[in-house]
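Shown next, in structure tokens, is the structure this report addresses.
The values are calculated or read from the model by the stated rules, or taken from the named source; none is laboratory data. All values reported here derive from a predicted model rather than from experimental measurement. Cβ coordinates were reconstructed from backbone atoms using ideal geometry, including for glycine residues, and neighbour counts include every protein chain displayed.
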Amino acid sequence: MSVFLFLGAVESGKKARIVETMRTFRHPSSTLAAALSLFALALSVAYASAPRKQHPASWTGGAHHRVRPSSPKRIVKVSLVSRVVYVLEGDRPLLVAPTCSGKPGHITPTGVFHVTGKAKRRRSGKYGFWVKNGQAVEGIKVAGPPDKTPGWKFVGYPMPFWVGFSPGYGFHEGFLWSTPKTHGCLHLTGRDAERFYELVERGTRISIRQTQPEDPTLGKEVHHPEDEKAPNPPSSFFLSNDSFTIPWEDVLKPGTSGAGKGIGAGEPSTTNHKEPGQDKSRESDNARLAARPS
């Protein structure tokens, strides 16, 4: 009985031993057993010589554990009534943070969504300021500049650590009022926005509802800032690169660093706030106080 096996690449010495072994088997049943043994040997040789693929763990920073960014158990929940954002992995909370949602006429949509994109530095293409010669006038881009004189330039509101979930809607750093007051986006403090940005990836599931099951437990521990009580910062801050490198809560309430941040926020491992850069949109530091972007 003849037996043919494809053994792949085998060292010459091992090949000779395999061939010699095959010659010693004459009985059909013994030959079959030998064939199976030799096939297993060939596979083990090929596997041992093949390089192994590495799977490095990703680090979410701070006190958080090593996890795969696309973990199917990770979910974002938003409670509009309690004004809280939850980032959960199974039953474990990774971040529980205060938020501010859309005002009447610009309500935040409810339902199930997924993260569609992320950007550490992004400006609104619709709402912002018309600027010229040190002046900054709040307005809407499609409405045009305050007058027809040349020289006006539109600069959109800054939206640091943007995480989009629906066309025109996303999470980003912003001020937190005690009542819904945004244009539909979900605001987070600077530190919470940065942490949130690290914890989610494209495709992360998002559930936005009026209430969430976590409200009576995790939600009740959250402190809610009342940013409307603080003086307005100058418009030059929103027009400059500082709006992307300095946590807004530090500008709005100097000396209260970390106040009102979410549970589990901490300091991110690598922070965009420590990477200042040039921004040509800076206007005069003497610009008037501006209405806070919503």
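For the structure I just gave you, tell me whether Lys153 is over 22 Å from Glu249 (Cα atoms), at pLDDT below 95 and assigned by TED's automatic domain parsing to the domain that holds Thr116.
When the stated conditions are applied, Lys153 does not pass them.
Can you spot a residue in the stretch 169-192 that is touching a Cys at 6+ places or on another chain (Cβ under 9 Å), assigned to a loop (DSSP other than H, G, I, E, B), in the same structural domain as Gly219 (by TED's automatic domain parsing) and among the β-branched types (Val, Ile, Thr)?
yes
Can you find even one residue in the stretch 200-219 that is surrounded by fewer than 17 Cβ atoms within 10 Å (Cβ to Cβ) and touching a Leu at 6+ places or on another chain (Cβ under 6 Å)?
Yes; the residues of the stretch 200-219 include at least one that is surrounded by fewer than 17 Cβ atoms within 10 Å (Cβ to Cβ) and touching a Leu at 6+ places or on another chain (Cβ under 6 Å).
Return the residues of the stretch 123-159 that are over 24 Å from Gly111 (Cα atoms) and assigned to a loop (DSSP other than H, G, I, E, B); say none if nothing qualifies.
Asn133, Gly134, Gly144, Pro145, Pro146, Asp147, Lys148, Thr149, Pro150, Gly151, Trp152
Only one of these conditions is not met by Phe238: (1) part of a loop (DSSP other than H, G, I, E, B); (2) crowded, with 18+ Cβ neighbours inside 10 Å; (3) more than 20 Å from the chain's Cα centre (by Cα). Which number is it?
(1)
Looking for whichever is touching a Gly at 6+ places or on another chain (Cβ under 6 Å) and crowded, with 19+ Cβ neighbours inside 10 Å here; the options are Asp192, Asp227. Which one fits?
Residue meeting the stated conditions: Asp192.
Applying the selection to the stretch 71-101, what residues are of a type in the set (S, T, N, Q) and in a loop (DSSP other than H, G, I, E, B)?
Ser71, Ser82, Thr99, Ser101
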